[in-house]
Amino acid sequence: MHSRDYLQQAANIALALDAEQIERVARGLAELRERHGRLFLLGVGGSAANCSHAVCDFRKVAGIQAFSPCDNVAELTARINDEGWDRVFEAWLRASDAGGNDAVFVLSVGGGSAERAVSPNLVRALDEARRRGLIIYGIVGRDGGYTHQVGHEVIVIPTVDPAHVTPHTEAFQAVVWHCLVCHPALQIAPMKWEGLDRAARGVR
């Protein structure tokens, strides 16, 4: 049965993730917030949508100044039109004056590959981030691609079924970033329903 098998695969992935690595990312993001650095989230396709959701959570729940180029469709499409798809994120980092105080967080299924011409915009953005001295985080699938090669802390979602790499990776991007924003080292604001429950119990 597909549904049972898929859910079992999800359970296997959850148990295989490196909890210590997620802890290191949480500590790194807490340090980023302490030094008033910015977090730039980069992704395409479904991962771009995940970036928008993650930006909301990092800003609202964790108090981190987080941004994604995909949230400004006017600038994004203007840069695609004028500078090319492969340069769009690289140019956006330059325009943001990203520097050593900041970090990039890549959400991607493959992590980018120049050799295979997959997500070249991520590859060029990572090269720009390295030139500018940014810390590089990521949540990726498959072998992690270029993001895993050059990143500082990159969580690779294990492949348990080659037929489901994309849905599992994009689903677990959400699992991991939600784990991060509710981490005691990062969470500074209650989420809505948890806050209501605490208020009903008289907990401050």
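Things to note:
- Looking across the stretch 45-97, the residues that are surrounded by 15 or more Cβ atoms within 10 Å (Cβ to Cβ), basic (Lys, Arg) and farther than 22 Å from Gln187 by Cα come down to Arg79, Arg87.
Residues are listed down the side, and each one gets a yes or a no for (1) crowded, with 24+ Cβ neighbours inside 10 Å; (2) out of contact with any strand residue (DSSP E or B) (no Cβ under 7 Å at 6 or more places or on another chain):
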position	(1), (2)
Ala117	no, yes
Glu128	no, yes
Arg131	no, yes
Ile139	yes, no
Gly144	no, no
Pro167	no, yes
Glu170	no, yes
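- Within the stretch 166-191, residues that are over 18 Å from Leu32 (Cα atoms) have Cβ atoms under 7 Å from residues that are at pLDDT below 95 in these pairs: Pro190/Arg198, counting only partners at least 6 apart in sequence or on another chain.
- If you filter the stretch 87-137 down to residues that are under 16 Å from Cys51 (Cα atoms) and out of contact with any helix residue (DSSP H, G or I) (no Cβ under 7 Å at 6 or more places or on another chain), you find that the one that is modelled with the highest pLDDT is Phe105.
- Residues in the stretch 88-112 that are of a type in the set (D, E, K, R) and under 30 Å from His168 (Cβ atoms): Glu90, Asp102.
- Residues being charged (D, E, K, R) and touching a Pro at 6+ places or on another chain (Cβ under 6 Å) - total across the stretch 44-97: 1
The values are calculated or read from the model by the stated rules, or taken from the named source; none is laboratory data. These numbers were taken from a predicted model, which means no experiment stands behind them. A quick note on method: Cβ atoms are made from the backbone with ideal geometry, for glycine too, and the neighbour counts reach across all protein chains shown.
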